[in-house]
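Student: Here it is, the structure, as structure tokens.
The values are calculated or read from the model by the stated rules, or taken from the named source; none is laboratory data. Bear in mind that the values here come from a model prediction, so they are computed numbers and not experimental data. A quick note on method: Cβ atoms are made from the backbone with ideal geometry, for glycine too, and the neighbour counts reach across all protein chains shown.
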Amino acid sequence: MIKIDFSTPILEDGSKIYELVKRSFPLDLNSQYAYMLICTHFSNTSIVAKVDNQVVGFVSAYLLPKSPQTLFIWQVAVDKSMRNQGLAKRLLKEILQNLPNIKWIETTISPSNKASLKLFTSIALELNVSIQKSPFFDAALFQNEEHESEELYRIGPLC
């Protein structure tokens, strides 16, 4: 069995996370700078999974400033070699275990991203909580970019 290490991301993980996301269609690729910020400013609410010191999974998340009991999941990425093994769900569970006061999870999902929809629906079912969907970012807001609308999913209450 493969040994997977879960930890908060560190600065040196930033470029590895960038490369992982780059390989993880349909995720939006952000700058390396953004991933370095996640690894420093948002490390306590984000997580990486490593096999032999290689990043094979990553979740970026942060607490909503106006609702600190709400954890917003920004990106979930799993290396192709580790897919369909429950790693994304394990990453989310690790974050929730480290943040016991979280009452709500929020995330946005574009309609064509079936993997994310399946993941978050599964988490809601496993936690025996509701999942609500509402419009969030309309496609028209993404000027000069071909981008689907993003729907907001709210999961909870967790506690």
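Student: Is there any pair linking a residue in segment 11-25 that is without any contact (Cβ under 8 Å) to a residue 24 or more places away in the chain to one that is surrounded by fewer than 16 Cβ atoms within 10 Å (Cβ to Cβ) and not β-branched (V, I, T), with Cβ under 7 Å and at least six apart or on different chains, and which?
Tutor: If the second residue must be surrounded by fewer than 16 Cβ atoms within 10 Å (Cβ to Cβ) and not β-branched (V, I, T), the pairs left are S15/Q32; Y18/Q32; K22/L29.
Student: Let me ask you something else. Of all residues in segment 128-159, which are within 22 Å of I105 (Cβ to Cβ), among the hydrophobic types (A, V, I, L, M, F, W, C) and exposed (fewer than 13 other Cβ atoms within 10 Å of the Cβ)? Quick ask: steps written out before the conclusion?
Tutor: The initial filter retains those residues of segment 128-159 that are within 22 Å of I105 (Cβ to Cβ), namely 128-137, 148-159.
Going one step further and asking which of them are among the hydrophobic types (A, V, I, L, M, F, W, C), we end up with 129, 131, 136-137, 152, 155, 158-159.
Correct list: C159 only.
Student: Among the numbered criteria (1) without any contact (Cβ under 8 Å) to a residue 12 or more places away in the chain; (2) charged (D, E, K, R); (3) within 28 Å of E19 (Cβ to Cβ), which one does K80 miss?
Tutor: Against the list (1) without any contact (Cβ under 8 Å) to a residue 12 or more places away in the chain; (2) charged (D, E, K, R); (3) within 28 Å of E19 (Cβ to Cβ), K80 comes up short only on (1).
Student: Can you tell me which of S81, S46, S60, S7 is surrounded by fewer than 18 Cβ atoms within 10 Å (Cβ to Cβ) and modelled with pLDDT of 95 or more?
Tutor: Working: S81 fails: modelled with pLDDT of 95 or more; S46 fails: surrounded by fewer than 18 Cβ atoms within 10 Å (Cβ to Cβ); S60 fails: surrounded by fewer than 18 Cβ atoms within 10 Å (Cβ to Cβ).
When all the criteria are applied, what remains is S7.
Student: Please state which one of A61, A49 is aliphatic (A, V, I, L, M), farther than 15 Å from D5 by Cα and not in a loop (DSSP other than H, G, I, E, B). Steps first, please.
Tutor: Working: A49 fails: farther than 15 Å from D5 by Cα.
On inspection, the qualifying residue turns out to be A61.
Student: Can I ask one more? In segment 1-33, what residues are in a loop (DSSP other than H, G, I, E, B) and not polar (S, T, N, Q)? Steps first, answer last, please.
Tutor: Kept after step one, since they are in a loop (DSSP other than H, G, I, E, B), are these residues of segment 1-33: 1-4, 8-10, 23-31.
M1, I2, K3, I4, P9, I10, R23, F25, P26, L27, D28, L29, listed by residue number.
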